[in-house]
Amino acid sequence: MIKLQNVSFHYKNTDAFGKLQKTRGIDDLTLTVEKGAFVVLAGDSGCGKTTVTRLINGLVPHYYDGELSGTVSVCGLDVRSSGIGDLAPHVGSVFQNPRSQFFNVDTTSELAFASENLCTPPDEIRKNIRRVAQEMHMDELMDRSIFALSGGEKQKVACASVAVSEPEIMVLDEPSSNLDAAGIEELARVLALWKAKGKTVVVAEHRLYYLTGLADRLLLLRDGKLVEEIPGEQLRSMDNAQAEARGLRSFTPIAMPEPEAPSAEKDALVCEGLDFHYKHSDKGIHIPYLHIPRGKITAIVGKNGAGKSTFARVLCGLEKKAKGTVRFGGREWKSKQRPDLCYMIMQDVNHQLFTDSVLEEVMLSVPETVPEGEREALARQVLDQLDLLPLADIHPMALSGGQKQRVAIAGGVVTGNPVLLFDEPTSGLDYKHMRQVAALLRKLRDDGKTVLVITHDTELVREIADCVVVFSKETT
């Protein structure tokens, strides 16, 4: 079904000066995925997981430029000589950010899109859409605006959009990275459905607990090479200590800690009467009172769509029509003043990467109070802490999703704002870099910063939270 024989691939990138650089994807990799197998690709960020998925769906070498050697065969087709269009009937792809694969503004049209491009008769497309909507329990999502969906709902639509055309192979790259616990549970149900139907499923993932019951094999990659192959039966008998020893996330679910009410103290971050709703939508927030302790790490948790990211935008002064007051350090901060109070690392970091190199990106956030001669040294120090220094001259948009996330975090670390707000800072990060981010968050707290972390990552909450605030649709 899928065969890689002595395959190496190096991406071609340019640094900030336009000089050609090569970045390793995989190195002399040989593996076979049998028809109907459920295979999980695991390993550190940059180990080659995403490159393998791109070789299967043809994005490498037909979209991503680089040097390819070895042979790749998918459903009997040679990937090098077969275009993406030749592979499309056989391979369906679900990306880490589902928005990157949407082509329509409504859900029903999105489900039809792939089949329309394959010239499937309209009546058959309609029948397949009805079947998939029923199988995936998503009738309530049909004929909806893509823009009005939560992250979990968008991921569900992305899965459905590839399922309608019935490809033999399903490839997913970090599909759980932005999902809450309920969304991950629903994703696991969809994957189990595909496995029961005999689909060949390949999932590149850091969060592993929801996959251990489904996997036939777990392939551990390191530095572009396959270093260990764990059969499903062995995987299901392993504990979290064995996962940690391999640098992997937990093999079993970790419960979210119980909410902890912060004690009242002066100079805390206090929000009163925060109220904001999006135009032509019932989504928004209404927070009568919220107390965030100063100099602590507060985890803000809750289901997708509960208003956590909206709260972050209001707190940072990005929603000018929001009502309510924000007090910190014994004074009130008006909406236009809050950018000097808060610095936010967004969930989709592509929205806040602007410059031509990683180093420039971090230096952009260095406070003006830092002397000119020390600005670059500070930026390089933080990049080194996040394993990004070797990428200092690379364009941020040429990085992987996890690397981009760490660049944005580095920008937050060097800022001088007293309140730092992180929206899903470990989305798409492996165990090692999750621990690095946790250590940086603790250091920021120890340096006197007030840190707010919006997250679904229970492993991160366990590592860093001094207190936990739960958002729900009923309370916001």
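Leaving ligands, DNA and RNA out of it, rank E368, E424, E168, E319 by accessible area with a 1.4 Å probe, largest first.
On the way: E368 175, E424 5, E168 65, E319 30 Å².
Result, largest first: E368, E168, E319, E424.
Quick one: dipole size for the chain, taken about the Cα centre, charges +1 on Lys/Arg Cβ and -1 on Asp/Glu Cβ, in debye to the nearest 20.
600
Can you pull the three principal axis extents for the Cα set of segment 106-251, in Å, largest first?
For segment 106-251, the Cα spread along each principal axis is 51, 28, 27 Å.
Ignoring everything but the protein chains, give the 1.4 Å probe accessible area of I254 in square angstrom, nearest 10.
Answer for I254: close to 30 Å² accessible.
State the answer as a single residue: which of I345, M142, H277 lies farthest towards the positive end of the charge dipole of the chain, with beta carbon charges of +1 for Lys and Arg and -1 for Asp and Glu, about the Cα centre.
Of the listed residues, the answer is H277.
About its Cα centre, what dipole magnitude does segment 122-183 give when the only charges are +1 on Lys and Arg Cβ and -1 on Asp and Glu Cβ, stated in debye to the nearest 20?
Values: 7 positive and 12 negative charges, 36 e Å.
Computed about the Cα centre, the dipole is about 180 debye.
In whole percent, what relative contact order does segment 23-82 give with Cα contacts below 8 Å and a gap of six or more residues?
This gives 26 percent for segment 23-82.
Looking at segment 126-245, what % of its DSSP beta bridges pair antiparallel, to the nearest 5? If you can, show how the numbers build up before the last one.
Details: 6 of 11 bridges.
Roughly 55 percent of the DSSP beta bridges within segment 126-245 come out antiparallel.
If you take every residue apart from P231 with its C-beta less than 10 Å away from the C-beta of P231, what net charge results, scoring Lys and Arg +1 and Asp and Glu -1?
The answer is -1.
If the viscosity is 1.306 mPa s and the temperature 10 °C, what translational diffusion coefficient in µm²/s does Stokes-Einstein give for segment 276-356 when Rh comes from Kirkwood over Cα pairs?
Working: Rh = 14.2 Å.
Translational diffusion coefficient: 111 µm²/s.
May I ask for the percentage of alpha-carbon pairs in the chain that lie more than 40 Å from each other?
The calculated P(r) of the chain puts 22 percent of pairs beyond 40 Å.
For segment 271-396, what does the relative contact order come out to in percent, with C-alpha contacts under 8 Å and a separation of six or more?
19
Rounding to the nearest 20 debye, state how big the charge dipole of segment 433-476 is about its Cα centre with +1 on each Lys and Arg Cβ and -1 on each Asp and Glu Cβ.
On the way: 7 positive and 7 negative charges, 21 e Å.
Dipole about the Cα centre, nearest 20: 100 debye.
Just order 302-308, 182-188, 324-330, 203-209 by mean Cβ neighbour count inside 10 Å, highest at the front, would you? Mind showing how you got there, number by number?
On the way: 302-308: 21.3, 182-188: 18.0, 324-330: 16.1, 203-209: 23.3.
Listed from highest to lowest mean packing, they are 203-209, 302-308, 182-188, 324-330.
Scanning the chain for helices, which whole DSSP H stretches are 27 Å or more long along the axis (Cα) and average -0.5 or more by Kyte-Doolittle?
Values: long enough: none.
Both cut-offs are met by no helix.
If the viscosity is 1.567 mPa s and the temperature 4 °C, what Stokes-Einstein diffusion coefficient in µm²/s follows for segment 144-218 when Rh is the Kirkwood radius over Cα pairs?
For the chosen part, D equals 101 µm²/s.
After finding the eigenvalues of the alpha carbon gyration tensor for segment 378-476, what semi-axes result from the square roots of 5 times each, listed largest first in whole Å?
Over the Cα atoms of segment 378-476, the ellipsoid semi-axes are 24, 16, 12 Å.
Distance between Cα centroids, segment 30-107 to segment 156-181: provide it in whole Å.
Measuring centre to centre over Cα atoms gives 13 Å.
Taking the Cα centre of segment 159-291 as the origin and placing charges on Cβ (Lys, Arg +1; Asp, Glu -1), which of A204, L248, H291 is farthest toward the positive end of the dipole?
The one lying farthest along the dipole's positive direction is A204.
Tell me the net charge near S176. Cut-off is 9 Å between Cβ atoms, S176 excluded, with +1 for each Lys or Arg and -1 for each Asp or Glu. Walk me through the intermediate numbers first.
Values: positive: R207; negative: E174, E205.
Summing Lys and Arg as +1 and Asp and Glu as -1 gives -1.
Using Cα pairs under 8 angstrom and six or more residues apart, how large is the relative contact order of the chain, in percent?
Computed over the chain, the figure is 17 percent.
I'd like the trypsin sites (Lys or Arg not before Pro) in segment 16-58 restricted to DSSP loop residues with at most 12 other Cβ atoms within 10 Å, sorted by number.
Passing both the DSSP loop test and the Cβ count: K19, K35.
Which order do D340, D106 take by accessible area at a 1.4 Å probe, largest first?
Highest to lowest solvent-accessible surface, that is D340, D106.
If Lys and Arg each add +1 and Asp and Glu each add -1, what is the summed charge of the other residues whose beta carbon sits under 13 Å from the beta carbon of G36?
That sum, taken over residues with Cβ under 13 Å, equals +2.
I'd like the accessible area for E233: 1.4 Å probe, protein heavy atoms, all chains in place, Å² to the nearest 10.
Taking all protein chains as shown, E233 has close to 140 Å².
Among DSSP bridges having both ends in the chain, what percentage is antiparallel? Round to the nearest 5. It would help to have the intermediate numbers written out before the result.
On the way: 42 of 77 bridges.
Expressed as a percentage, antiparallel bridges in the chain total about 55.
The values are calculated or read from the model by the stated rules, or taken from the named source; none is laboratory data. Treat the numbers as computed from the prediction; the structure is a model and nothing was measured. Using ideal geometry, Cβ is built from the backbone for each residue, glycine included, and neighbour counts are taken over all protein chains shown. Heads up: the accessible areas ignore ligands, DNA and RNA and are worked out on the full protein's heavy atoms, side chains in. Shrake-Rupley method; radii C 1.70, N 1.55, O 1.52, S 1.80 Å.
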